[in-house]
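**Student:** Next up is a structure, given as structure tokens.
The values are calculated or read from the model by the stated rules, or taken from the named source; none is laboratory data. Given the structure is predicted, the values throughout are model-derived calculations rather than measurements. As a convention, Cβ positions derive from the backbone with ideal geometry for all residues, glycine included, and neighbour counts pool all protein chains shown. Only protein heavy atoms, including side chains, enter the accessible area calculation; ligands, DNA and RNA are left aside. Shrake-Rupley method; radii C 1.70, N 1.55, O 1.52, S 1.80 Å.
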Amino acid sequence: MISSVRGLVLSALGSMVVIEVGGVGLAIQVTPTTALSLRTGTEARLATTLIVREDSLTLYGFPGVDELAVFELLVGVTGVGPKSALGVLAVLTPNQIAQAVAAEDDGVFRKVSGIGPKTAKLIVLSLAGKLAATTVASAPGRPVASTAAAGVQAALIGLGWSERVAAQAVEETLAEAADPDQVGVASLLRLVLARLGPAQQASERRS
């Protein structure tokens with residue numbers, strides 16, 4: 001079992017990244033948000049799990065163990081394969097998933113491509129009691145519009161921006177959105193990165 005991977009990012013595009021470990025480039029399936037948070041030529045570490053099938057060996061990677069744990073719970077649900085489980089994590093954070101399960105709200109899972117009504121209900125039933133929802137603290141002066149904001153702020157800090165700059169950029173980007181509560185993690189990260197500029201300029205913007 002490959003539980004984690006650390007090495008040089010050779011490429012990060014769409015839902016796949018290639019990380020060099022010991023001279024070998026490992027192709028890892030990730031969410032678009034994770035791919036966007038990685039930069040070619042920098043070192044990265046991902047929590048991983050290897051899915052073995054008769055005709056394939058596929059490595060799935062996540063920025064933290066929370067996402068990995070939820071992924072493994074999801075693939076254990078009847079009707080949910082690795083691709084669908086990754087799709088859920090591309091749309092919802094572990095905290096949002098836990099909150100939906102606690103509230104017995106299968107509607108949020110039906111919005112994920114590949115998840116039908118029956119499977120959505122099975123997810124809620126199967127994950128009941130296995131996840132703990134937490135409250136995301138809001139920034140002073142303005143409530144966080146969604147848990148996506150917290151994830152994007154963390155990604156920006158990991159890329160080198162200061163906490164203050166990351167929080168301000170996310171806040172300003174959400175303020176300009178027509179409907180902040182409907183902005184997804186991937187789209188919010190793209191908008192904020194466009195506002196801030198290239199990642200290599202992060203050190204020049206720290207304060």
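**Student:** Quick one: in the stretch 100-115, of everything that is in a loop (DSSP other than H, G, I, E, B) and in contact (Cβ under 8 Å) with a residue 12 or more places away in the chain, which residue is most open to solvent (accessible area, probe 1.4 Å)?
**Tutor:** Lys111
**Student:** Are there any pairs, at least 6 apart or on different chains, whose C-beta atoms fall under 8 Å, with the first in the stretch 64-82 and among the charged types (D, E, K, R) and the second crowded, with 17+ Cβ neighbours inside 10 Å, and if so, which?
**Tutor:** Asp66/Pro94; Glu67/Ala47; Glu67/Leu89; Glu67/Pro94; Glu72/Thr49
**Student:** Going residue by residue through the stretch 7-14, is there one that turns out to be in contact with a Leu (Cβ under 6 Å, 6 or more places away or on another chain) and not hydrophobic (A, V, I, L, M, F, W, C)?
**Tutor:** Checking the stretch 7-14: not a single residue is in contact with a Leu (Cβ under 6 Å, 6 or more places away or on another chain) and not hydrophobic (A, V, I, L, M, F, W, C).
So that you can scan it fast, the table gives a plain yes or no per residue for (1) open to solvent by 20 Å² or more (accessible area, probe 1.4 Å); (2) farther than 16 Å from Pro82 by Cα:
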| residue | (1), (2) |
| --- | --- |
| Pro32 | yes, no |
| Ala35 | no, yes |
| Thr42 | yes, yes |
| Ile51 | yes, no |
| Asp55 | yes, no |
| Gly61 | no, no |
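**Student:** Another one. Using the structure shown, decide if Val152 is touching a Gly at 6+ places or on another chain (Cβ under 6 Å), modelled with pLDDT under 80 and closer than 22 Å to Gln99 by Cα.
**Tutor:** Against the criterion (touching a Gly at 6+ places or on another chain (Cβ under 6 Å), modelled with pLDDT under 80 and closer than 22 Å to Gln99 by Cα), Val152 does not qualify.
**Student:** Can you tell me which residue in the stretch 133-145 is modelled with the lowest pLDDT, limited to those that are touching a helix residue (DSSP H, G or I) at 6+ places or on another chain (Cβ under 6 Å) and small (Gly, Ala, Ser)?
**Tutor:** Taking the candidates together, the pick is Ala139.
**Student:** When you go through Val91, Val112, Val65 one by one, which is the residue that is in contact with a strand residue (DSSP E or B) (Cβ under 7 Å, 6 or more places away or on another chain) and at pLDDT below 90?
**Tutor:** The unique qualifying residue is Val65.
**Student:** Can I ask one more? Within the stretch 42-64, count every residue that is within 28 Å of Pro117 (Cα to Cα) and either out of contact with any Ser or Thr (no Cβ under 9 Å at 6 or more places or on another chain) or part of a loop (DSSP other than H, G, I, E, B) (or both).
**Tutor:** So the count comes out to 2.
**Student:** Would you pick out the residues in the stretch 1-29 that are touching a residue at least 40 places away in the same chain (Cβ under 8 Å), under 17 Å from Leu189 (Cβ atoms) and open to solvent by less than 30 Å² (accessible area, probe 1.4 Å)?
**Tutor:** Residue satisfying the conditions is Val17 alone.
**Student:** Quick one: which residue in Lys121, Lys130 is outside any helix (DSSP H, G or I), charged (D, E, K, R) and surrounded by fewer than 19 Cβ atoms within 10 Å (Cβ to Cβ)?
**Tutor:** The match here is Lys130.
**Student:** On the given criteria, is Ile97 open to solvent by less than 20 Å² (accessible area, probe 1.4 Å) and part of a helix (DSSP H, G or I)?
**Tutor:** yes
**Student:** Turning to a different aspect of this structure: All but one of (1) under 23 Å from Leu193 (Cα atoms); (2) modelled with pLDDT of 90 or more; (3) among the hydroxyl-bearing types (Ser, Thr, Tyr) hold for Thr48; which doesn't?
**Tutor:** Just one mismatch for Thr48, condition (1).
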